[in-house]
Amino acid sequence: MPTTLKKLRDLRYWIFYRLLLRRAELVTLGAPTSICKWVICPVGLGCGSIVYSGGVGSDITFEHALVEKFGCDVILCDPSPTGLKTMALSANKIPQFHFCPLALAGSSGKLTLAADLDPAGNSWFASNEAAEKLEVPCTDLTDLMIRNHHDRIDLLKLDIEGSEYAVIDHLLKNRLPVRQICVEFHHRILPGIRRSETIRAMLKLIMRGYKLVDQTGANHTFVATRGLN
């Protein structure tokens with residue numbers, strides 16, 4: 001694409017985000033050197049908060065920071081070999097962590113994961129086309145909340161390598177009371193995911209009463225501004 005057209009396109013998306021972003025009290029959590037830091041709104045979070053973390057990967061310093069700052073329990077979901085290895089570490093076997101070796105998805109059942117496209121990477125993403133594949137159990141948010149006897153989610157983190165769009169559609173369709181959503185969108189990161197899918201997901205959230213309070217690279221933070229039922 002010619003440089004001028006690329007600059008115009010980037011300017012268009014910069015304006016788009018500036019129009020959507022709303023001010024809020026924010027804090028960044030995660031180790032200083034972590035590639036998995038997240039910006040959240042701390043208002044209303046405390047020891048009784050219900051936190052779901054989709055996607056463990058190899059770095060859960062964000063989840064440790066949530067426990068340290070707010071004293072809350074965290075339910076972590078990730079069935080990938082990387083996630084299982086991370087949760088097996090002694091440092092991650094703390095009472096506040098409750099690990100479910102399940103993938104978060106738009107519906108419960110089975111999900112096919114593919115190995116990282118980068119040979120040096122360790123992520124797994126939803127795909128039926130790669131040579132190296134792994135079938136894992138998956139759950140939607142409704143079933144996961146029933147399993148854990150929860151009637152709300154105060155903070156939901158979605159770093160689930162392309163499955164975030166289906167999860168967002170599910171929670172909106174079922175009007176699940178999720179107060180804050182931290183999501184990494186994977187357009188231009190994973191094959192077959194277009195930026196338009198991310199824009200549609202964002203607009204769906206905003207139309208349902210969420211406001212975008214932070215955008216740092218691919219990471220986005222949304223906070224509910226009104227009742228969700």
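The values are calculated or read from the model by the stated rules, or taken from the named source; none is laboratory data. Fair warning: this is a prediction, and the values are worked out from it, not measured in the lab. Reconstructed Cβ throughout: ideal geometry from the backbone, glycine too, with neighbour counts over all protein chains shown.
Data for the structure
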read-out: Residue satisfying all of: in the stretch 129-146; outside any strand (DSSP E or B) and among the charged types (D, E, K, R); modelled with the lowest pLDDT among these; value: 129
read-out: Selected residue (only one of 28, 4 is more than 26 Å from residue 203 (Cβ to Cβ) and hydroxyl-bearing (Ser, Thr, Tyr)); value: 4
read-out: Scan of the stretch 133-155 for residues that are of a type in the set (D, E, K, R) and surrounded by fewer than 19 Cβ atoms within 10 Å (Cβ to Cβ), ordered by number; value: 133, 135, 143, 147, 151, 152
read-out: Any hit, the stretch 76-98, residues being under 22 Å from residue 212 (Cα atoms), at pLDDT 90 or above, surrounded by 14 or more Cβ atoms within 10 Å (Cβ to Cβ) and β-branched (Val, Ile, Thr); value: no
read-out: Of the criteria (1) without any contact (Cβ under 8 Å) to a residue 60 or more places away in the chain; (2) over 22 Å from residue 168 (Cα atoms); (3) not small (Gly, Ala, Ser), which one residue 23 fails; value: (1)
read-out: In the stretch 6-24, the residues that are surrounded by 10 or more Cβ atoms within 10 Å (Cβ to Cβ), among the charged types (D, E, K, R) and outside any helix (DSSP H, G or I); value: 22
read-out: Selected residue (criterion: farthest from residue 154 (Cα to Cα)) from residues of the stretch 52-69 that are of a type outside the set (Lys, Arg) and surrounded by fewer than 21 Cβ atoms within 10 Å (Cβ to Cβ); value: 58
